[in-house]
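Inspection log for the structure reproduced underneath, given as structure tokens.
The values are calculated or read from the model by the stated rules, or taken from the named source; none is laboratory data. Note that the structure is predicted; figures quoted are calculated from it, not measured. Positions of Cβ are generated from backbone atoms using ideal geometry, with glycine treated the same way; all protein chains shown enter the neighbour counts. Side chains included, ligands, DNA and RNA excluded: accessible areas come from the protein's heavy atoms. Shrake-Rupley method; radii C 1.70, N 1.55, O 1.52, S 1.80 Å.
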Amino acid sequence: MTAFSFPIFQAYLFFRNAHVWLPVFYLYLLQSGLSYSSIFLLSVLQNVFQVLLEVPSGVMCDFYGRKRTMTVASVLRLASVLCFLGGRSMILF
């Protein structure tokens, strides 16, 4: 990494891992019509997939490089946020 990109990456990690949005996110899901059990199921599924995809993402880093893998992961994260913001059903969440 260059000297310029390191602080940007550190800021990205801080805001990604800060989770200050989490309480508002749960309120948003409740307002969107999901029940507490649906929200719990979404949280469980997110954590299960996070664990299951940990090793494949490491393999992708080995084959394609860390920067390219981080870029793809960021684009997928943005797509998931857009689905959450536009979703009004359990399938889209």
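What does the highest-first list of 39-48, 7-16 look like by mean Cβ count within 10 Å? The partial results should precede the final answer.
Numbers: 39-48: 12.3, 7-16: 10.6.
Put in order of decreasing packing, that is 39-48, 7-16.
Counting only protein heavy atoms and a 1.4 Å probe, tell me what percentage of the chain's accessible area is made up of carbon and sulfur.
Looking at the chain in its full context, I get 74 percent from C and S.
From the helices alone, meaning DSSP H stretches of at least four residues, give me the mean residue ellipticity at 222 nm for the chain, per-run term -39500 (n - 2.57), in deg cm²/dmol to the nearest 500.
Helix-only estimate at 222 nm: -25000 deg cm²/dmol.
Per Stokes-Einstein, at 4 °C and 1.567 mPa s, what whole-number D in µm² s⁻¹ belongs to the range 40-79, with the Kirkwood radius over Cα pairs as the hydrodynamic radius?
The calculation lands on 118 µm²/s.
Each residue of the range 25-31 in turn: what ³J(HN,Hα) in whole Hz from Karplus with 6.51, -1.76, 1.60 and θ = phi - 60°, glycine and Pro shown as x?
With coefficients 6.51, -1.76 and 1.60, one gets 4, 5, 5, 4, 5, 5, 5 Hz.
What does the accessible area per residue of the chain come to in Å², with a 1.4 Å probe and no ligands, DNA or RNA counted? Please report the intermediate quantities before stating the final value.
Numbers: 7520 Å² over 93 residues.
For the chain, the per-residue accessible area is 81 Å².
Can you check what the Kirkwood hydrodynamic radius comes to for the chain, Cα pairs only, in Å to one decimal?
Here the Kirkwood hydrodynamic radius works out to 15.2 Å.
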